[in-house]
Structure formats: C-alpha cells, structure tokens
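Enquirer: After the structure tokens below, expect a handful of questions from me.
Read-outs: derived from the displayed coordinates by stated rules, not from any lab. These numbers come from a predicted model, not from an experiment. Cβ: placed from backbone, ideal geometry, glycine included. Neighbour counts: every protein chain shown.
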Ligand code: 3H9
C-alpha cells in the first residue's frame, strides 16, 4: 500500500483510491502502486469487482505533464491499461471532477465507467501539442463512434457526464455519493456475471463508420490547423483505429505520440500550459483577498460594454455608468444585441441571456458606484479625462474599493498620484472584444497594495481571463512590444516588399494574419490619430488615411475589399503609392525575402521583450509569452516570442540585430544587454 494508492474492501468490491493532489496526475509514484494493487486484486478471490476512484477534487486529470521529455519509468500507463484488460472480474471507473487525457484513457481500460452528472470527460492532449498516447485514439471510437471521437480528440474539448452517457462513453451517471453508487454498480455487474468485454474488443460502433464521410470530416479539420502537427496526427490515429487491427493501431498511436512529444511544437505548448499557471503566482497571492461582490464600470462604449459583459458572464452584478442617459441606453442596447447574437448562434440560451442582462444596473450618477467593490474606468484615452474620472471615484467609492484604469498606454502612476488613495489603484488592460479575449494585463503601479493586486489576479481567473501582472511603461508589455514589431513595416515596403508579401510571411509563420491585414481590420485611423497626438509620422500610412483609406470599414486601406467582403485584395494603387514615396526618398526597390521580413519584425519583438525583462516590467520571460499568445495571436506552436527566441538562439538573434543595426543605424535593432548576455552565457541573469 502507498500513500498515493489505497485499497478498501466494500462488501466484496475492492475500491482502489488514487490520492495525488492537486489533480491526481498519473505520476510514476502513482502508476507503480496502482499497477501492483491491480495485480494483487486480479488474483484476489475476496474481490469480486474493482472500482477505481480518486480522492480530492477530481478523477485523474491526465498523465503527469512534468514527466514528458524525461526517460519513462515503468510501469507506463499503457501497461496498466493492458493489465486492466486481462482482469476477468468487472472493473469500474468512478469519475468525478475531470477525467482528462491519461485519466480518461485509464477509465477506458475498465469494463465500465460511471460518472457524476456534472463531471467532465475529454482527451485534451491536442492542446499540449500531443495526441492521446495511452490508447485513447483507439478505444474512444469503439465506444462513441469514429466521428464523435474525432471531434473530441481534435478539439480537446471535454463533454459532461450527461453527454458522455448519451454518447455511450459512460454506462451510468449519478448525483450524490459517487463511490457508494459505483461500488453498488460494480457489485450488481459481478452478480450478473460475465464475460465482461474490454473496450478493445468492442467493434460494433467502428463497423458503422463510413470511411469517406470520416475522411471528409478530417479534411475539414485539417483546414483549421494553421501549421499545427498534433490535430493532423490525431486524425491519422483515429483513422488507424478504423482501418487497422487494434494492436497495430495502438502501436501506430504510440509512434505518433513519441514523435510529437519530442517535437518543438509540443514543448512550446507545454511551456505555455505551465507559463499561464506561473503567471498567476504574484507576490502576495496568499494574502487575504478583498471581497468583490459588485463591479462598477465607467464608460459604456465598446470597451466598457465588453468589460461589463466579461463580469456579468462570470456572475458578477455590474453597475454601468455613462455621462448621459442616451449614451447609457446605447451601451446597454449594444450589450443586449451581443447577447442576442450568442443566442442566435446557439452558444447561449435565452434563459442565460435574461439572467445575465438581469445583472446590469445602468446609471448616469457617480453616486451609484458607492456600493461597488471594484470600479474600472474605460473612458476616452486621455490623461486629463482619466484624472477627472478618478477624482470623482475618489469622492464616491467606498473605503478599500479597488479603482482600476483600462488605459492601454497611459501612466498608471500618474493617475494613482492624482487621488488620495494610490494604494487602491491599478491598471486592468483588457483586450477588445473584452468579453471574448482571454488576456488581461494587470498593471501594478508603484503604490498598488499587494492585496489589491492579489485580489484582482484571483478575480481575473474567476471570470475566465488569463492574467499577467506587468509594470508601468508606455504600452505595458503587449503594446510596447507591438510597436517594436511594427517599427520596420513601412521601411520594408519602401525597400521593395508589398503588404501582401509581409502578411504572407506572417501567416506562413503561423500568425492568424499579418500586420497590414490587422491594421485594416482594426482601422488605420486609430494609429493615425495616435501618431498625430505624439507628433509622429508614417509616410505611407498617413497618406492612406489622408485619402480616407481607413481599412475594412471604408472598403479600402492597405488592401481593397469588395462590398460586404473581408477578403483582402492587393491594390495596385497602394503599390504605386509605395513606389512613388520610395522614389521621393531615393530608395531603390529590391527583392525582400520572408527570412528578412521575420528578422526585421520578430527579432526586434524578442529584443524589446528582453528590455522589458531587464527593466522588471515583466517578472518572467514566460509572462511575456502568455501575453503574446493570448492577446496578439502569436502562434501557440511556437510558444510565444521569448520561447521562440530561445529556439532561434540568442546568439543568432544578436548577430542579426547587429547586422541590421549596422546597416540601418536604427535604434530598434540595438541588442538589449540582457540578450547579449544570454547569447554569451546562456543565462538571463548576470
Ligand atoms: C496525457 O494525459 C497524455 C496521455 O494521453 C498519454 C500518456 C502516455 N500534470 O490548472 P490548475 C498542475 S497529457 C502535471 O491550476 P484547475 C498545474 O500545473 C495530459 N501537473 O487547476 C497546477 O500546478 P501549480 C492531459 C498538472 O482546478 C495544479 O496542477 N491532461 C497537470 O484550474 C493545478 O492546476 C490535461 O491536459 C498534469 N496533467 O484545473 C489536463 N494538470 O498549482 C491538464 C494540472 O503548481 N490540466 N497540473 O501551478 C487541466 O486542464 C487543469 O489542471 C484541470 C484543473 C482542469 C485538471
């Protein structure tokens, strides 16, 4: 017996309990005693049936991800499952919480599965750049059919206990004491008598598969994978389950798994899994949190409305404040319309919509914010306006209320210093649309109280955001690095690249779109206005804006858009404008390859990240990766700019930055001292 696996006998049924907090991952120290216990029980006449259950908040949530990339210690999960399939007495998995990845595969090794109705069952390996490597691709289709299995494995999205019952994945669902119900179920099965057929020998659902329809489904999925290898491998493995004998399909799955687990994409995605969790570990995280029951939002525009929805979606009552009744009604109508769209798409029920709308209270009176525990301003991006709002909040907010600004660029220290309680002030930089985008930059100002920071970090998680704490600087982590990424955009065009070439280099890299398509989508007038406010210019973009070419919303920007279409079409007028500006500046066009485009845009991105680390604006390189993957579409298979920079090699990046610094003289290419140090010593620290 071990402290991780215990066995109790309940009326002839052996209840095996795994206890490996926090999520009962199948670490080596669990696999070994579990294997030994199952051997003993297989041969024990006193046990007529076996139940596998878990202590704590969940069933097994998967293999132990920290063990990947290290030598595998025996027994492997597959050996445990193979052993289970040799047991003649009934075996039952009792699933509460989540049965994910290797956890569900363990359950698929049992003859039967019973679950809490609200449990979640899934194979999320694809999100780690993997496929299920414990027989999941071969056994799941045997229970739920190939089409359903493919959908579950390629999306990685779990299904509920109820849905799993309907699909044939679980045999019974229960409310109440799961272990007692599972033991009773196992006892009944034993009394009913065998033979008990292991999942590997249940082929009826597979026999129903129409291969052509399956292949068509797989082709559709392949279109959406954007360079990721794992979803394609998942589809191949499920296809093998249909076309190959069980053992051959299992062996093929193993090979595919071994290839993926040692590849850079899976390493990158595993890095992100832990990076997101690391980011939540902020100084003071164990302090007593402030109570947040009602949230106030100042400003019901696109941003304020989205933030308000994010909180209502998380179940928080929201007071939404606007300066006029008319603006308030406009904002509330927009929120209602957004929810109606979700209902029409089937992602929200009408009842849930009504329930969420019921959480909103509109007001045009600052006094109505007095009962809010957190107030977020989302007004016009102007320091004077922000300070005026904070002055009013200072006058009405209750003591201890957290006062947050949603500024994207402005100095949060200056805002905090303008009121009497700077310890309660911080930044909450949401990304648009705020009810959808997962990233939240939490800006820690010089005087922000640690408990306020910890409270907001905790709260972010409760509303489904991925939060990263950042320090005060112009643009914080994300937008500051975005400026660095875009600094060479116009120079590339003037020297001979087209917007389409630059965008293609980005999409080939794995970005959802390139910078020029992105500009057209967001609206070129925003950057134009910002440049004018800061006394800056961009020769080509400014001219486009002067011509009224603001992007998709005007049908013309860096590209042309046919009416009603979002499909960018290269525009000869833009090419002519670029060539004319280049001629004016005496720049002769030359051919520019994708490699150069990446070096001149993404190496400065990494370089700026290094500066941000050096200045302490981000606490860890992995925090920067979390920002870029969740807020700016950096390809997950590359792990974020800092992880990718590591794969490229700091020495190479420094060498190329120096090259471009030498040939252009531009400061953006000057390697950060910390990057040089990394190149020389392999360490960030001195
Ligand atoms: C797999 O199974 C491969 C097999 O097919 C083949 C094998 C041969 N391992 O997320 P939380 C840690 S691949 C190690 O904050 P929640 C996590 O880092 C696996 N550690 O909790 C964190 O540590 P810390 C397939 C793990 O309640 C702590 O547990 N399975 C693992 O919000 C709490 O985690 C998955 O991909 C793990 N498998 O969410 C499931 N899982 O406190 C991955 C968690 O030090 N896990 N940790 O920061 C999850 O999705 C969520 O953790 C879960 C709980 C939903 C279970």
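Enquirer: Over all distinct alpha-carbon pairs, what is the Kirkwood Rh of region 62-176 in angstrom?
Expert: Computed over Cα pairs of region 62-176, the Kirkwood hydrodynamic radius comes out at 14.2 Å.
Enquirer: Another question, then. If I take every Cα pair under 8 Å that is 6 or more residues apart in the chain, average their sequence separation and divide by the length, what percent do I get for the relative contact order?
Expert: 9
Enquirer: Could you check the spin-label model distance between residue 370 and residue 546? Points 7 Å from the Cα along Cα→Cβ, value in nm.
Expert: That separation, rounded to one decimal, is 5.4 nm.
Enquirer: Sticking to Cα atoms, compute the Rg of region 5-262 to one decimal and its Dmax as the biggest Cα-Cα distance, whole number, in Å.
Expert: Expressed in Å, the Cα Rg and Dmax of region 5-262 come to 17.2, 54.
Enquirer: Stretched out fully, how many nm does the piece from residue 474 to residue 83 gain, at 0.36 nm a residue minus the Cα gap?
Expert: Length gained between residue 474 and residue 83: 134.8 nm.
Enquirer: So between residue 286 and residue 563, what do we pick up on full extension, going 0.36 nm a residue minus the alpha carbon distance?
Expert: Roughly 94.3 nm would be gained on extension.
Enquirer: Still on this structure: Residues of region 113-144 with amide nitrogen under 20 Å from the 7 Å Cα-to-Cβ point of residue 349?
Expert: 116-121
Enquirer: Sequence gap at least 6, Cα distance under 8 Å: using those rules, report the relative contact order of region 1-151 to the nearest whole percent.
Expert: 20
Enquirer: For region 491-605, what's the radius of gyration and Dmax over Cα atoms, in angstrom?
Expert: When restricted to the Cα atoms of region 491-605, Rg and Dmax are 13.8, 38 Å.
Enquirer: Let me ask something additional. What fraction of the DSSP beta bridges in region 5-262 is antiparallel, stated in percent and rounded to the nearest 5?
Expert: Antiparallel bridges make up about 30 percent of those DSSP assigns within region 5-262.
Enquirer: Label residue 226 and residue 681 with points 7 Å out from Cα along Cα→Cβ: what is the distance between them in nm?
Expert: With each label placed 7 Å out from Cα toward Cβ, I get 3.7 nm.
Enquirer: What does the helix-only formula give at 222 nm for the chain: each DSSP H stretch with n ≥ 4 adding -39500 (n - 2.57), the total divided by the residues, and the result rounded to the nearest 500 deg cm²/dmol?
Expert: Taking each H run of at least 4 residues, the total per residue is -15000 deg cm²/dmol.
Enquirer: Once you have the Kirkwood Rh of the chain from its Cα pairs, apply Stokes-Einstein at 4 °C and 1.567 mPa s and quote D in µm²/s.
Expert: It comes out at roughly 46 µm²/s.
Enquirer: Just to be sure I understand: of the beta bridges DSSP finds with both ends in the chain, what percent are antiparallel, rounded to 5?
Expert: Of all bridge pairs located within the chain, approximately 25 percent are antiparallel.
Enquirer: Between residue 447 and residue 211, what length in nm is gained on full extension when 0.36 nm per residue of separation is reduced by their alpha carbon distance?
Expert: Roughly 78.7 nm would be gained on extension.
Enquirer: How do 569, 472 rank when sorted from fewest to most other Cβ atoms within 10 Å of their own Cβ?
Expert: In order of increasing Cβ crowding within 10 Å: 569, 472.
Enquirer: Just need log10 I(q)/I(0) for region 588-669 at q = 0.20, 0.23, 0.26 Å⁻¹, Debye formula, equal scatterers on the alpha-carbon atoms, no solvent, rounded to two decimals.
Expert: Ignoring solvent entirely, the Cα scatterers give -0.93, -1.15, -1.33.
Enquirer: How far is helix 325-345 tilted, in degrees, relative to the longest principal axis of the Cα atoms in the chain, given as a value from 0 to 90 rounded to the nearest 10?
Expert: 40
Enquirer: Would you mind getting me the FRET efficiency between residue 576 and residue 340? Use the beta-carbon distance for r and R0 = 45 Å, nearest 0.05.
Expert: Efficiency at R0 = 45 Å is approximately 0.55.
Enquirer: Residues in region 352-367 near a label at residue 329, defined as backbone nitrogen under 15 Å from the 7 Å Cα→Cβ point?
Expert: From region 352-367, the list is 362-364.
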